[in-house]
Structures are given as structure tokens and as C-alpha cells.
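We did not get these values from a lab; they are worked out from the coordinates using the rules stated. Not measured: the values here are computed from a predicted model. Here the Cβ positions follow ideal geometry from the backbone for every residue, glycine too, while neighbour counts run over all protein chains shown.
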Amino acid sequence: MRIYFGPNSFSLLKKYDLKLEELVFLGRNIIRWISQFVIIPIFNLLDNFIDSYGLIILILTLIIKLALFPLTHKSFISQAKMRVMKPMVDEIAKKYPKQEDAMKKQQATMDLYKKAGVSPMGGCLPMLLQMPILFAMFRFFPTSIELRQQSFLWAKDLSTYDSILNLPFSIPMYGDHVSLFTLLMTASTIISTKISNPSGGQEQMPGMKTMMYMMPVMFMLILNNFSAGLTYYYFLANVITIVQTQFSRRFVSEADLLKKIEENKKKPVKKSKWQQRLDAAAKQSGYRVSKK
């Protein structure tokens, strides 16, 4: 084969067994693996039974969000624990108000988390584990030839932006049009951020709350010119996240979490195996010195 003249379809190119599918850029390493072995097979399976690509994206989003719900629920519980512990952390801050006592305040706070059995990173790690899927979808939609010239609702072509208003001027980064799916994505992101991250947890990090609300605006500027299929997916993902958050809130009692934390604080702190080894080594070393 010297020339291939046909659609830039990953599945079609792979059938030639000449590594032509590598021409379709899906990201690198784990991001490409997720697209190749998870997203594309599910997308192709749905494509065999459903004619509307808007519905295919909806079902694909539901499958992904349901699979990730255990991580989302765990993140919500961690955030709830941090929320109920905030008065305790504030008491430590009042105890060490001076700048020179910052290390003592930090150490006392970490000791409190350790006694309570709460990890400050517990809400972040589950979200970080979802990032590869987020980036995989970011690469998948712009390269999907299947979406070309496929309409859904007001979007005439899911492979490009869905302009509902052409501007007489061009805004830097944003462009000369208004994409409705991008606006819906931005609004749903702000609502999801507001619901998932109460303001009380942001007072310890000045500027963090502002940054969390500035990020959706930055993504609105960047993604306004991207595929409508991509921004439609992000909008759906945000809506489902809001529903899942409300579901978790309904079945997670902050009063029960606080009671559990108070019980954990009364228990002796269990040392990790690594700490036990260090203590044993220190004792052994002290024994040898005293014996000499």
C-alpha cells in the first residue's frame, strides 16, 4: 500500500494491520490505552444499535460515570469529613496565631487528622484517578470521524463547534461565535463546583475558591472552538456528577461522620509497619550502645 484514501477511522485503519491506526492521535501511554481499549469499543458497540450520536454520547457518559461512581462517592465522603473537622482545625489555628508557630500549627493539624483517621488528600486522590479518562475523552471526540456532519439538537455538526450566534468581532482565545454547549458546560461546572466544594473548606487556602471558579471560565474560552461532541460530553458529565453528589449527600450523614471521628480520636494511634520497623531499629541500636 502506497496511498490510503479514505476516512480517518481508528477501527477501519486498524483492520489493515499496518499500524495505520497510529495516524489517529489519541494521546500517549495510559490515555491512549483508555481510548483504544475502553472508549472506542464501547462507542462502536453502541454505534451498531443506535443511530443518533447524541444518544450514543449520552449512554457512553452514563456508563463512564456509573463506573467511576465509587471513586466519586469516596471523594464526597472525604470532603464531608474535612468539613465536619473544620471547627477542630480552627481551634488549632487559634492556639497558634503567630507566624513563627506555623510549623507547630501544621504538625498539630496533621496529628489531629491522624488521630481522627482522616486523610487530607482523601478527596483529591479519587479525582486524580479520574483524570486519565477526562483527557482520553478530550482526545477522542476531536479525532472521531464518525461525528463528522452528524447533527444533534441545535448542533449541525458534532465534530465542530455549535455556533448559535456569530459575533461581528473576534475575542482573543474565545473566537467570533458563541457555542451553546460550551456555555452549558461552563454553567454546569460552576454549579457542580459549588455543590461539591462548600465554601467552608476553602478558607484555609486564600485564593483557592476564586481559582476554582476561574477555571471553568478559562475552559469556556479554550473549548469554545472545540468539537460540540466534546463540550456536550462535559456538560452531561457535570449534570450526572451533580445528581451523584445529591445522591451521596442523601445517604451520608455528617453527624454520623463526626461521631465516628470522635471515636477514632479516643483510640490509640496505630503505627504503620514502616514506623514500627523504625522504632524497632532505634531500640535495637540503643540496646547495642548500652551493652558496649
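The table that follows gives values for the structure above.
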| item | result |
| --- | --- |
| Cα-based shape type of the range 24-267, given that a ≥ b ≥ c are square roots of the gyration tensor eigenvalues and the cut on a/c is 1.5 | prolate |
| Using a Förster distance of 22 Å, the FRET efficiency for residue 92-residue 242 (Cβ separation, nearest 0.05) | 0.10 |
| Local electrostatic count at residue 164 - Lys and Arg +1, Asp and Glu -1, tallied over other residues with Cβ under 15 Å | -2 |
| Per-residue Cβ neighbour rank within 10 angstrom, fewest leading, 184, 68 | 184, 68 |
| Under-5 Å amide H pairs with residue 176, H placed in peptide plane, nonlocal only | 171 |
| Whole-number percent relative contact order across the range 24-267, with pairs defined as alpha carbons under 8 Å at least 6 apart | 27 |
| Residues 33, 154 arranged by fewest to most Cβ contacts within 10 Å | 154, 33 |
| Dimensionless Rg ratio for the range 1-144, taking C-alpha atoms and the 2.2 N^0.38 Å reference | 1.61 |
| Formal net charge of residues neighbouring residue 238 (Cβ-Cβ distance under 12 Å; K, R +1; D, E -1) | +2 |
| Extended-chain gain in nm, criterion 0.36 nm per residue less alpha-carbon gap, residue 44 and residue 212 | 57.0 nm |
| Burial ordering of 146, 262, fewest other beta-carbon atoms within 10 Å first | 262, 146 |
